[in-house]
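Read through the structure below, which is laid out as structure tokens, and then see the notes.
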Amino acid sequence: MITEIFSTALGKYQLDLDSKKIEQYCLSIREKDEKGRIVSNAGGYQSNLLDLKDETLKPFRLSLMKALKEYYPIYESNKNLRLQEYWFNINGHKAFNRLHSHAGAFISGVYYVKAPQDCGQIYFQRKTNLNLFKLDEVNKYNCEGYYQDPKENLLLLFPSWCEHLVLGNNSKEERISISFNFVTEWKYEIYFNASCL
């Protein structure tokens with residue numbers, strides 16, 4: 001018998017949203033708040049936390065809830081999920097995001113609003129020093145990390161403790177993405193605050 005241990009699930013969902021409308025929403029916020037904030041971003045723009053009630057992002061929140069209903073049960077938790085926060089990143093040429101995790105949350109993710117070609121992969125890192133071992137072939141059981149190409153309207157879900165970074169944007173166009181955190185609460189039922197919908 002084989003038992004898989006230390007598994008990490010990456011949820012991938014291709015959404016069908018009006019990404020151009022969301023892009024304009026993000027750009028308009030940047031115009032009003034040019035400073036933003038600096039967390040893991042290097043050379044790019046990160047917004048402050050967004051309004052959980054914003055009508056423009058309501059279709060995104062509904063699509064996110066639908067994806068979570070498929071993704072969350074793998075954790076076999078009897079707790080609720082609550083959307084705690086979300087924000088957006090705009091990475092111009094050469095901008096990137098440093099290695100980080102989302103402390104205090106349970107499930108995190110990213111939604112790609114705009115993703116031109118060669119705009120920077122997201123890389124998920126596993127803390128395993130494979131230089132100490134002789135491997136004939138690298139696969140999902142022994143790799144040190146995983147690269148995922150960004151794509152417009154692609155939604156990724158992953159456990160918040162999974163360390164990740166974003167490679168530099170080699171495109172001349174900006175990459176725009178929305179990141180988010182979910183926390184757990186008692187009772188098993190995926191929901192958003194009623195005020196968020």
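Read-outs throughout are calculated quantities, based only on the coordinates presented, and are distinct from any laboratory measurement. Keep in mind the model is a prediction, meaning the values are calculated, not measured. Ideal geometry is used to build each Cβ from the backbone, glycine not excepted, and the neighbour counts take in all protein chains shown.
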Any hit, the stretch 25-33, residues being of a type in the set (A, V, I, L, M) and closer than 24 Å to L81 by Cα: no
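Those residues that are hydrophobic (A, V, I, L, M, F, W, C) and buried (at least 16 other Cβ atoms within 10 Å of the Cβ), I need them from the stretch 30-54; list them, please. Don't jump to the end; show me each part of the working.
Looking only at the stretch 30-54, we keep the residues that are hydrophobic (A, V, I, L, M, F, W, C), and these are 38-39, 42, 49-50, 52.
Once the filter is applied, which keeps residues that are hydrophobic (A, V, I, L, M, F, W, C) and buried (at least 16 other Cβ atoms within 10 Å of the Cβ), the stretch 30-54 yields L50, L52.
Please enumerate the residues belonging to the stretch 107-129 that are in contact with a Lys or Arg (Cβ under 8 Å, 6 or more places away or on another chain) and surrounded by fewer than 20 Cβ atoms within 10 Å (Cβ to Cβ). Full working, then the answer.
Kept after step one, since they are in contact with a Lys or Arg (Cβ under 8 Å, 6 or more places away or on another chain), are these residues of the stretch 107-129: 112, 114-116, 119-120.
Correct list: P116 only.
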Search result, residues across the stretch 1-29 that are buried (at least 16 other Cβ atoms within 10 Å of the Cβ), in contact with a Lys or Arg (Cβ under 9 Å, 6 or more places away or on another chain) and among the aromatic types (F, W, Y): Y13
Residues satisfying the stated conditions in the stretch 172-187, i.e. farther than 26 Å from P116 by Cβ and among the β-branched types (V, I, T): V183, T184
Pick from the stretch 22-53, criterion touching a residue at least 24 places away in the same chain (Cβ under 8 Å) and in contact with a helix residue (DSSP H, G or I) (Cβ under 9 Å, 6 or more places away or on another chain), ranking: nearest to G92 (Cα to Cα): Y45
